[in-house]
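Notes for the one structure printed next.
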Amino acid sequence: MNAVLKIRHTVFGAIHEYFRSRGFYEVQCPSFITAACEGGATLFTVDYFGKKNVYLTQSAQFYLEALIFSLEKVYTIAPSFRAEKSRTRRHLTEFWHAEAEVAWCGLEEIMKIEEELVTYIVRKVLDKRLEELSFLKRDIKPLENVKPPFYRITYDEALEIINKKGFKIEWGEDFGADEERALTREFDKPVFVYGYPEQCKAFYHKNDPKRPEVTLSADLLAPEGYGEIIGGGERIADEEELIRKIKRFGLRVEDYEWYIDLRRYGSVPHAGFGLGVDRTVMWVAGLDHIVNAIPFPRTIRRVYP
């Protein structure tokens, strides 16, 4: 754990260095929220002075979106909470989330930022933590290969690769840990999967005007079987388009009034992403399970100490 904590320290420092050196402003967002960002089934309910419909945050994204109208490029590193009953090697119920939102930005531009950020993180660890990587018996050759451009494939291409490996995933279904593990073993550095079907992604993702059934979204998958470390994409900037999609997803428009207001009184094209810092540490350090990437991990089985 001593070696892992030193690597983790360097990863966090690299994230701050990257963003600040490129004109991003660090901001802080609330941990108590009143509506789902990533799906109501994974919300932790909080007894907030007797008020109903208060939850622990799943993401700072909506608040970051609000702040781009003042600062244009913002980021935060903070815990997020997901009440997922998942027992995979890459799930925590409380995890550290590095998130960014950028005004006047589309899918291509945000993918370039993600690519640069991940490369910067890996380079810093290789520069400063070779002793710790050696102690962990981490093969550094795959890390040395992490440099732009990363591979980019469509959801359709990924689906074809996955099903050729014996899976039976229908078009429109999301990929799980097993499918991503199989897919990433085909690549020797991170790979973007873009153009996910609408039903795979949260309501705030903008649909592709050229192909409305898919979204302008992308996941970045780490190689060597590690899978998704970043999810991101272009956000809906139009008020009516956003309302229609909220309704299409079966959500209550009144729960998102303040978020809709960000479009109602004028908006700009914008995009953003969230990086799972613990998953990134797990991959960079070559760990077998995410609980080894963080002190005092929180899982569905563990909340003490």
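Every number here is computed from the coordinates shown, using simple stated rules; none is lab data. Since we're looking at a predicted model, the values are computed, not measured. With ideal geometry, Cβ positions are generated from the backbone for all residues, glycine too; neighbour counts draw on all protein chains shown.
Hey, what do the phi angles of region 7-14 turn into as Karplus ³J(HN,Hα) couplings, whole Hz, using 6.51/-1.76/1.60 and θ = phi - 60°, x for Gly and Pro?
3J(HN,Hα) across region 7-14, in whole Hz: 5, 4, 4, 5, 4, 4, x, 5.
Please list 3J(HN,Hα) in residue order for region 270-285, calculated via the Karplus relation 6.51 cos²θ - 1.76 cosθ + 1.60 where θ = phi - 60°; whole Hz, with x for glycine and proline.
With the stated coefficients, region 270-285 comes to 7, 8, x, 7, x, 9, x, 5, 5, 5, 5, 4, 4, 5, 4, 7 Hz.
Please rank 20, 8, fewest neighbouring Cβ atoms within 10 Å first, as an exposure proxy.
Ranking 20, 8 by Cβ neighbours within 10 Å, fewest first, gives 20, 8.
Okay, which of region 57-86 sit inside 15 Å, backbone N to the point 7 Å along the Cα-Cβ direction of residue 51?
Answer for this model: 57.
Using the Karplus equation 6.51 cos²θ - 1.76 cosθ + 1.60 (θ = phi - 60°), what ³J(HN,Hα) coupling, rounded to whole Hz, does each residue of region 140-148 give in order, writing x for Gly and Pro?
8, 4, x, 6, 5, 8, 7, 7, x
Compute the angle between helix 61-71 and the longest alpha-carbon principal axis of the chain, please, reported from 0 to 90 degrees and rounded to the nearest 10.
With both axes taken from Cα atoms, the answer is about 80 degrees.
Give me P(r) over the chain, computed from all C-alpha to C-alpha distances, binned every 20 Å, as integer percentages.
With a bin width of 20 Å, the distribution comes to 33, 61, 6.
If each residue's Cβ is checked for other Cβ atoms within 10 Å, how do 299, 280, 93, 45 rank with the fewest at the top? Don't skip to the answer; put the middle values down first.
Values: 299 16, 280 27, 93 21, 45 11.
So the residues, fewest neighbours to most, are 45, 299, 93, 280.
With 10 angstrom as the radius, rank 111, 1 by how many other C-beta atoms surround their C-beta, starting from the fewest.
Fewest-to-most ranking of 111, 1: 1, 111.
Tell me, how many Å apart are the Cα centres for region 16-88 and for region 151-177?
Cα centres, region 16-88 to region 151-177: 29 Å.
Quick one: helix 107-128 against the long Cα principal axis of the chain, what's the angle to the nearest 10°, folded into 0 to 90?
The angle comes out near 30 degrees.
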